[in-house]
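Accompanying notes for the structure given below.
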Amino acid sequence: MGRNLLAVSDLEKNEVREMIRRAGKLKELKKQGESPKNLEGMSVGLLFEKQSTRTRLSFEAGLFDLGARAIYMNPADTQLGRGETIADTAKILSSYLDGIIVRTYGQEKVLELAENSAVPVINALTDLEHPTQIISDLFSISEQGVDLEKFKLAFLGDGNNIANSFVAASAIMGFDLSVAVPPGYEPNPTIMGEATEHGNSKIEVIHDPASAVRDADVIYTDVWVSMGEERKGTKVFRPFQVNKELLSFCHKDPLIMHCLPAHRGEEITAEVMDSPRCVAFTQAENKLHAGKAILEFCLQD
Ligand code: CP
Ligand code: NVA
């Protein structure tokens, strides 16, 4: 019953399209002060081992809107923090809850949780992927009137979780993707391999940011130091900053996106971040509406 969402590759194109359509409807209803209580009576746990503002709050508020109860757990405060196994924890949690939303480090932890859970598990970010963010961002892009099969996204920065999920999404949805990263920061080779083998989109990984943005419809960036990373220095990322000079290489007038939190002056300048083409705050709002669509998709029979 229900569905896991552990990685973008768990989804098919028509399912992503349906979630985006539903997110639009839920947004419209929310603006009218309404929300269907489609998850009435459910209890959903949020097991978050890393910090979160948007993902945690949007899921908690979304669950409330849908008539469900959110139960936040800091793993350090649970017996996980004293060595109880993930497998045992999954069995216990799924005997109380109707779904588990998890944010952690290794993707293997989410997989182990899901293998041992009797209820759906949703990945709310690992070091490898951030699938709920990317579904929400595709909703934000389509809301701007962009055809999800016919646009080019340029991702600049560190080729980790956000970039990996865009690689998988590009293969599924068919949009073109240029990932511009410093050497050594390329996306995950397994995700790249699967995307290039099974997808029909054009995906390139390059080291030249100006070339990546030239014919881009969307420019996307993310922090240079992700949660859990002990990176010393960010000098290698400096040429990948989204700034006015970089935008002068664009042939189009691209949308600027950022999953947030932003570090103004690092991956993006304040000037670009606060410019009208930057939709970062709309992206953040849309995590509520898309999150509700994801919850319905995963938790309803
Ligand atoms: N974009 C995102 O996942 O933000 P949080 O880390 O605040 O949840
Ligand atoms: N790459 C970032 C994304 C934050 C939403 C991180 O993992 O910290």
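The values are calculated or read from the model by the stated rules, or taken from the named source; none is laboratory data. What you are looking at is a predicted structure, and each value in this text was computed from that prediction instead of being measured. Using ideal geometry, Cβ is built from the backbone for each residue, glycine included, and neighbour counts are taken over all protein chains shown. Each accessible area value is taken on the protein alone, full model and side chains, heavy atoms only, with ligands, DNA and RNA left out. Shrake-Rupley method; radii C 1.70, N 1.55, O 1.52, S 1.80 Å.
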- Message: For segment 95-121 and segment 238-253, what is the centre-to-centre distance using only Cα atoms, to the nearest Å?
- Response: 40 Å
- Message: Using only the alpha-carbon atoms, how far is helix 13-31 inclined from the longest principal axis of the chain? Give it as 0 to 90 degrees, nearest 10.
- Response: 80 degrees
- Along each principal axis, Cα extent of segment 142-280, largest first, Å: 37, 35, 23
- Query: Based on the alpha-carbon gyration tensor of segment 52-127, what equivalent-ellipsoid semi-axes (square roots of 5 times the eigenvalues) come out, in whole Å, largest first?
  - Reply: 20, 14, 12
- Length released on extending from Glu84 to Tyr105, taking residue separation times 0.36 nm less the Cα-Cα span: 5.9 nm
- Message: Counting only other residues whose beta carbon sits under 14 Å from that of Pro131, what net charge do I get with K and R as +1, D and E as -1?
- Response: -3
- Item | In sequence order, calculated HN-Hα J values of segment 183-189 (Karplus, 6.51, -1.76, 1.60; Hz; x Gly/Pro) | x, x, 10, 6, x, 4, x
- Query: Karplus couplings for segment 225-240 from phi (6.51 cos²θ - 1.76 cosθ + 1.60, θ = phi - 60°), rounded to Hz, Gly and Pro as x?
  - Reply: 10, 7, 4, x, 8, 10, 7, 9, x, 10, 3, 4, 8, 3, x, 9
- Item | Sum of side-chain charges, Leu148 neighbourhood, beta-carbon under 14 Å (Lys, Arg +1; Asp, Glu -1) | -4
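Would you calculate a helix-derived [θ] at 222 nm for the chain, using -39,500 (n - 2.57) for each DSSP H run of n ≥ 4 and dividing by the full residue count, to the nearest 500?
Values: 11 runs with 120 residues, N = 301.
Only helices count here, giving -12000 deg cm²/dmol.
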- Note on the structure: Scoring only Lys, Arg, Asp and Glu (+1, +1, -1, -1) among other residues with Cβ under 10 Å from the Cβ of Gly174 yields 0
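Over segment 101-247, what is the relative contact order in percent, taking alpha-carbon pairs closer than 8 angstrom and at least six residues apart?
This gives 22 percent for segment 101-247.
Hey, what's the Cα Rg ratio for the chain versus the globular rule of thumb, 2.2 N^0.38 Å?
0.97
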- Query: Largest first, what is the accessible-area ranking of Tyr220, Tyr185, Tyr105, Tyr96 with a 1.4 Å probe?
  - Reply: Tyr96, Tyr105, Tyr185, Tyr220
- Taking the alpha-carbon centre of each part, the distance from segment 151-210 to segment 1-63 in Å is 25 Å
- Query: At a 1.4 Å probe, what is the % contribution of carbon and sulfur to the accessible area of segment 204-274?
  - Reply: 50 percent
- Item | In degrees, nearest ten, helix 86-96 long axis to first principal axis of the chain (Cα) | 60 degrees
- Query: How high is the relative contact order of the chain, in percent, counting Cα pairs under 8 Å that sit 6 or more residues apart?
  - Reply: 22 percent
